[in-house]
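The values are calculated or read from the model by the stated rules, or taken from the named source; none is laboratory data. Computed from a predicted model, the values in this text were never measured in an experiment. Quick reminder, even Gly has a Cβ in these numbers, built from the backbone with ideal geometry, and neighbours come from all protein chains shown. The accessibility values were calculated without ligands, DNA or RNA, using every heavy atom of the protein model including side chains. Shrake-Rupley method; radii C 1.70, N 1.55, O 1.52, S 1.80 Å.
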Amino acid sequence: MGTEHSYIGWFLLITPLAASVAILLHLYKKHDMAIFASIGSAVICFLIALDVAFGNLPAPEPWTWISLPGSSESPSVNIEIGMIFDALSKGMLLIVTGVGMLVHIYSYGYMKNDPGRGRFFGGLSIFMFSMTGIVLSTNLIELFFFWEGVGLSSYLLIGFWFTKESAAAAANKAFVCNRLADFGFMIGILTYWLLSGSVSIEPAVVANYHPAISLAQVQTTLTPMEQSLHHGPSINVRHIGGIEATSFLLTIMVLGLFLGCVGKSAMFPFHVWLPDAMEGPTPVSALIHAATMVAAGVYMLCRVYPLLILSSTGMTVIASIGCFTAIFAALIAVQQNDIKRILAYSTLSQLGYMVMAVGCGGPDAAMFHLSTHAFFKALLFLAAGSVIHALHDEQDIWKMGGLSKKIPLTYWTFLIGMLALSGFPPFAGFFSKDYILSVAYDRNPIFYWVGVAAAFFTAFYMTRLVVVAFLGPARTPAAEHPHESPPVMTIPLVLLAILSLVGGWSIVGIKAHYHDWFVSVLNAVGLVPTGVESAIPLAESGIFPDWLVPLMTVSAGAVSAFFLYRGRDRDPLNIKLLAHKFYCDEFYDRNLVGGQQRTARVLNWMDSWILEGLIIRGAAYISVGVGEVFRLFQTGSLQTYAFIFSIGGVLLIYFTLFTH
C-alpha cells in the first residue's frame, strides 16, 4: 500500500468521533439510527484494523502540536500528534475494535428498551475514539490526552443510570481514584521529559537518546542474582539528553509511569473503584472494565518497557504489586455473591497476572494473556448480562439456580469462558496463564507459587459461580421461568466462545508476534547488541515444563468447589474478612474519606472562629469598641471639652514636676 493511502489511518479516530458527535446531536431523535451508526463505526474500525494487521498500511505523517525552544535550564518541547503502526499496536488494535464491535451488536438487544440508549451509544463511541487513540499514540503527551478521554467515557458510562444513587457514587469513585493515580502518571511523564528531552515512545526515536549499553557493561553492572534471573540492567549513573540520570530519578520515572497503570488497571491500592463500576450497564462492564480500558495500563507498560528496565527497583515494585493484586482479588472473589462483582474481582486478579509478568521481564507474556483474557472475560460479562436479562435484573447468584436447562446457550458459552479463565486446556487461558507462570518462575519462585495459588482460587470461585447459578434447582420464581436472550445477544456470545476456545492454539504465532517486537525494540535502543538474544530480559522458556503443577492446582480448585457447593441453598463458607473485601472500603471511608472530612471540619472551625472570628471580626470589634470609647468624648459641649482639657493640663503638670 502506497503512502498516498497513509491518511486512511486517521479514520481509525475520525470514525468513532464522528459517530459520537452525530449520536449526541440526535440524542432524543431516531435512537435506532444512532445505534446503527455506532455499530457501523465499530465495524469500519475493525475492517481498517484488519488492513493494518495483515496489510502494509503506513502511518500518516504527524503534525506538530506544540514546539518550544529549550534553554540551558530546561530541554526543548516538541509534541506531535501522530500514529504508530507496529506489531504491538496492531495486536492491541484488533482486540479493541473486534471486541468493541461485538459489544456494540450485543448492546443493541440489551439496551433496546432503555430510554437513554442514544446517550449510551454516544458514550461507547467516545470510548472507542479514546481507546483507539491510546493504542496509536506516538508520545506520552498524546497518550495522556486520550488516557483522560477514556477516563471521561468511563465516568459517563458507569454513571449512565445517574438517578440511581449507587451508580452516581461509583462514577465519582472511579473518577477520583483515576485522577489521583494520573497525578503520579504526570510526574513520570515530566521526569522522562527532563531526562531525555523528549516524550516520544516510538522505538526509532527512543534509540536516538537512549543510553547505549554494551553486553559487557550490562553484565558487569548486574549482581549475580540479577544475572541468574535475566533481570534488566541496574546502572547507577547514566547520561540521557545531556542530563545526569541517577538511579533515583530513573526509579521516580518508572514508578510514576507505573502509577498511571495502577489507577487505570485498578491495581492495589486503587482497586476499589472497579468492583463498584459494575453499577453501569453490563455491556460497559464487558467492554470497558474487562477487555479494553483496564488493559490500557498493561498496554502502556509494555509500550514503555525499554524505559522500565532502567530501574531494577521499579521492576521489582511492579512485579510485587501485580503478584499481590492477583492473589488478593482472587481471595475476595471467593465470598462475593453478585455475579458481576465476582467477574470484576476476577478481572483484578488477571490484571495482576499481566502486571506481574511485565515486572518479571515478560511483556510478551503479558500481552499474550491480555489478548486471550479479552476474549473470555468479554464472553463472561456478556453471558452474565444474558443471565441478568433473563432474570429481570437479578444479580445475586443465590437467587438463581437451574439455569443450565432453561437458557442452555448462555450456560454453555459461560462454561467455556469459565474453563478458559480457570486455565483448563485446551482453552485460551491455559496457554497464556502458563506462559506467565513460567516467566514468574524464572524471575522469582515466590511469584510463581503465589500465581499458582491465585489460579487455585480462580478455579474455585468460578466453579462456585457455575454450580450455584446454573446447576441444582431454581431458588426463586424468576429463576423458574427465564427466557433465552435474542440472537442479537447470543451471536456475540458464540463468537467469543469460539475465540476463547481456539485463541490459545496460536500460542507460537502470538508469542512470536509480541516477543519478536520486544527483541527488535531492545536491540534498537542499544540495551542488547544485535544477535545476542540470550541476554534479553524476556521469557525464553515458553510453556513451563512442569505444566502439570498449575493444571493439577486448577483441577483441585474446581473439584473442591463443585463438591462443596453442589446442592447448597446457602454458602457453607462464611468468611467475613473476604465477604467484606478485607475491609478496604471501610478503611478508606474511615481514614481517607473520614480523615478528609475531619480535616475539613477542623479547617472550617479554624476559618470560622480563628481567621474569621478572632482575627477578622475580632479586629473589627476592637476598632468598633475603641471608636465607641472615643465617641464618648465627642459630646459637642464646650464645657465638657474645657473640663477634659483642664484635667489633661493638671496631669501634664503632675507628671512633669513630680515624676523623675
Just to check I understand the Karplus step: with θ = phi - 60° and J = 6.51 cos²θ - 1.76 cosθ + 1.60, what whole-Hz values come out for the range 97-108, glycine and proline as x?
6, x, 5, x, 4, 5, 5, 4, 5, 4, 5, 4
Which value in nm describes the separation of the simple spin-label points at W65 and Q634, placed 7 Å from the Cα toward the beta carbon?
6.4
Of all chymotrypsin sites (Phe, Trp or Tyr not before Pro) in the range 578-637, which ones are in loop regions per DSSP and have a Cβ with at most 11 other Cβ atoms within 10 Å?
F633
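In debye, nearest 20, what is the charge dipole magnitude of the range 540-625 about its Cα centre with +1 on Lys and Arg Cβ and -1 on Asp and Glu Cβ, if you could check?
Charge dipole of the range 540-625: 380 debye, to the nearest 20.
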Taking 0.36 nm per residue of separation between M186 and S520 and subtracting their Cα-Cα distance, the length gained on full extension comes to 117.5 nm
When all C-alpha to C-alpha distances in the range 543-660 are sorted into bins of 10 Å, what percent of pairs does each bin hold, rounded to whole numbers?
10, 12, 13, 12, 10, 8, 8, 7, 6, 4, 9, 1
Size of electric dipole in the range 410-495: Cβ of Lys, Arg +1 and of Asp, Glu -1, about Cα centre, debye, nearest 20:
160
Of the cross-linked pairs K340/K399; K164/K576; K90/K173; K164/K340; K405/K576; K112/K340, which ones have a Cα-Cα span greater than 23 Å in the structure shown?
K164/K576; K90/K173; K405/K576
Set the Förster distance to 41 Å, then compute FRET efficiency between N574 and V488 from the Cβ-Cβ distance, nearest 0.05.
0.50
Kindly list the residues of the range 270-300 that lie in the label zone of D393, defined by a backbone N under 17 Å from the point 7 Å along the Cα-to-C-beta vector.
278-285
Rg/Rh of the range 291-385 (Cα atoms, Kirkwood Rh), to two decimals, equals 1.01
To the nearest 0.05, how large is the calculated FRET efficiency for I446 and L25 if R₀ is 56 Å and r is the Cβ-Cβ distance?
0.50
Probe 1.4 Å, all protein chains present, accessible-area order of R464, R443, largest first
R443, R464
Which listed residue (T640, V593, F655) has the Cα farthest towards the positive end of the charge dipole for the range 559-660, taking +1 on Lys and Arg C-beta and -1 on Asp and Glu C-beta about the Cα centre?
V593
Give, as a single signed number, the net charge of other residues whose beta carbon lies under 13 Å from the beta carbon of E80, with Lys and Arg counted +1 and Asp and Glu -1.
-3
Check: the range 570-620 dipole with +1 on Lys, Arg Cβ and -1 on Asp, Glu Cβ, in debye
140
